[in-house]
Amino acid sequence: VLREFHSMFHSLHYDALLRVLNGLSLILKYLIQVLPADEDLPNKSIDKFVKFYIAESDISEAREMLKDIGIQRQSAVYFQSGLTEDQYSFLCKLEMKHVFSVENIFVDWMHCGIYDFHHLPYSMKAKLSNDTVSTLEEKVKRNDSRKVIKSLTDLLVRMEHAIRDAVHHNIEKPICDVIREESEGKNKNMLEYLPPTICVQHYVYLQLTLRRILTELISSTEDRSSPESAGLKITSEHMYQRGNSMETKVQISPSQKRKQELESERNVSSVAKTTPQPPVSSPDVGTPLLLQLSAKDKQ
């Protein structure tokens, strides 16, 4: 079932992935509100759950409500953000007990950026083993890793068409063999960074792994250039932020500090008394709660 799900949804554009993820999140949020803590998940599909618990009408109205929260078929208006007929049917018939797991998969896809490769076939999206990932990281971090990763990524993009052709013949063909054949002796220095266990079927996750390593390296470089890494142990207790600047507070005695705290409390109390409080709005009785939650999220 998991393989079927991956093969069916791997081609989602960013817009479609975001809308579906938003819709599933709203359904789970509503489920938490209507389901007692000691009660099991309802043994219903998504569309029937919406029908019985939200729409309280026929299934067609329930599916219209799903459309309102982002789970909808492709159309002329929603071509990239809509779902194919198979994708739409799969989600509508998905049992509620599986919604959280499916949502987590979509969250992972958003996080890693797999939507950037929606145009590539599923046969190029096999995951790398942990050992292969470790070997790859070790190889690219030996030298000027940021430069190596950028050069290797550019090379893979240039070779993408040839790698895609190779997938149709042998998904286990090493990517380094494809590069060696296509570059005619060039790019030999780049081949040493690619473990032979990385095949054409791993192309997308190779790109995603290189992207992750590069992001971590950039973040690590920024951390090393921070004041704390330079030996300036300035904690949040000793500094405050104004705009984009960070200033160091002057050390004060405990009695002075307590005096400032009391003055601050009096100021806050004074503001609270003079500031009018907004009226508490009641939920719109005529609007289904699921759509109210959607409106709140958009705000």
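Would it be correct to say that TYR205 is under 30 Å from LYS125 (Cβ atoms), modelled with pLDDT of 95 or more and crowded, with 19+ Cβ neighbours inside 10 Å?
Yes: the conditions hold for TYR205.
Taking into account only those residues within the range 76-90 that are at pLDDT 80 or above and out of contact with any strand residue (DSSP E or B) (no Cβ under 7 Å at 6 or more places or on another chain), which is surrounded by the fewest Cβ atoms within 10 Å (Cβ to Cβ)?
So the residue we want is ASP86.
If ARG73 passes every condition in (1) over 16 Å from HIS13 (Cβ atoms); (2) open to solvent by 70 Å² or more (accessible area, probe 1.4 Å); (3) in contact with a helix residue (DSSP H, G or I) (Cβ under 6 Å, 6 or more places away or on another chain) but one, which one does it miss?
(1)
Could you grab me the full set of residues in the range 39-53 that are open to solvent by less than 20 Å² (accessible area, probe 1.4 Å) and not acidic (Asp, Glu)?
PRO42, SER45, ILE46, PHE49, VAL50
Just for helices (runs of 4 or more DSSP H) wholly inside the range 144-184: which have at least 3 residues that are under 17 Å from TYR122 (Cβ atoms) and at pLDDT 95 or above?
160-167
Quick one: is LEU17 at pLDDT 90 or above and of a type outside the set (Gly, Ala, Ser)?
In short, yes.
The values are calculated or read from the model by the stated rules, or taken from the named source; none is laboratory data. Just so we're clear, the structure is a prediction, and the values are computed from it rather than from any experiment. Because the Cβ atoms are built from the backbone with ideal geometry, glycine has one as well, and the counts that use them run over all protein chains shown. Heads up: the accessible areas ignore ligands, DNA and RNA and are worked out on the full protein's heavy atoms, side chains in. Shrake-Rupley method; radii C 1.70, N 1.55, O 1.52, S 1.80 Å.
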